[in-house]
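Asker: Before I ask anything, here is the structure I am working with.
The values are calculated or read from the model by the stated rules, or taken from the named source; none is laboratory data. Just so it is clear, the model here is predicted, and its values are computed rather than measured. Backbone-built Cβ (ideal geometry, glycine too); neighbour counts: all protein chains shown. Side chains included, ligands, DNA and RNA excluded: accessible areas come from the protein's heavy atoms. Shrake-Rupley method; radii C 1.70, N 1.55, O 1.52, S 1.80 Å.
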Amino acid sequence: SMAMQAQKMWCAWGKLCLLLSLLLQLPGSQAKCYFQAKAPCEYEGKQFSLGESWLSTNCLLCTCLHPIGVGCCETTQHPIDFPDWCEAHYDSQTCQISVVQKANPSLPCVKSVEHEWGSAGTPEPL
């Protein structure tokens, strides 16, 4: 029946809205989300049904929103506040981003004697 169809559709949109609102509430999250209308719920030859999720090779968490498409969100947290002598290093194997020293990327970016942290490069008030 038509009402049944509409309810199914609403349920899918409800799930989508819930999913997006949950993802948007990640603390300090700069995660980007993408929605592909009519995208097939299939990944690497595996078929997914409504509400099922999978992690793609480029670190996107995708959820099947059949029949309206597929919603994917970035899972990595992008650090945005770190000193200019550091850089964000992205590891595609683990989907993790770490902040390391530019001069020596094997060392983590930590407060040290020769580098004073300031907010956005300004010296701390005395």
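Asker: What is the local net charge at Ser56, summed over the other residues whose Cβ is closer than 15 Å to its Cβ (Lys, Arg +1; Asp, Glu -1)?
Answerer: On the way: positive: Lys32, Lys46; negative: Glu42, Glu44, Glu52, Glu74.
Taking every Cβ under 15 Å from that of Ser56, the sum is -2.
Asker: Modelled label-to-label distance, Glu52 and Ala37, 7 Å Cα→beta-carbon offset: nm?
Answerer: Label-label distance for Glu52 and Ala37, simple model: 2.5 nm.
Asker: In a shell of Cβ-Cβ distance under 15 Å around Pro40, excluding Pro40 itself, what net charge do Lys and Arg (+1) and Asp and Glu (-1) give? If you can, show how the numbers build up before the last one.
Answerer: Numbers: positive: Lys38, Lys46; negative: Glu42, Glu44, Glu52.
Combined, the nearby Lys, Arg, Asp and Glu give -1.
Asker: When only the heavy atoms of the protein chains count and the probe is 1.4 Å, how do Asp84, Asp91 rank by accessible area, highest first? Present the calculation step by step, with values, prior to reporting the outcome.
Answerer: Working: Asp84 125, Asp91 55 Å².
Result of the area sort, largest leading: Asp84, Asp91.
Asker: For Val110, Val70, what's the largest-to-smallest order of accessible area, 1.4 Å probe? Don't jump to the answer; show the numbers that get you there.
Answerer: Values: Val110 75, Val70 5 Å².
Largest to smallest exposure gives the sequence Val110, Val70.
Asker: Based solely on C-alpha atoms, express the radius of gyration and the Dmax of the range 24-110 in angstrom.
Answerer: Cα-based Rg and Dmax for the range 24-110 come out at 16.4, 50 Å.
Asker: Would you kindly state how much longer the chain becomes between Ala88 and Glu44 on full extension, computed as 0.36 nm times their sequence separation minus their alpha carbon distance, in nm to one decimal?
Answerer: On the way: separation 44, 0.36 × 44 = 15.84 nm, distance 2.97 nm.
Computed gain between Ala88 and Glu44 is 12.9 nm.
Asker: Here's another thing I want to ask about it. So, taking all protein chains as they sit and a 1.4 Å probe, how much accessible area belongs to His78, in Å² rounded to tens?
Answerer: Accessible surface of His78 is approximately 70 Å².
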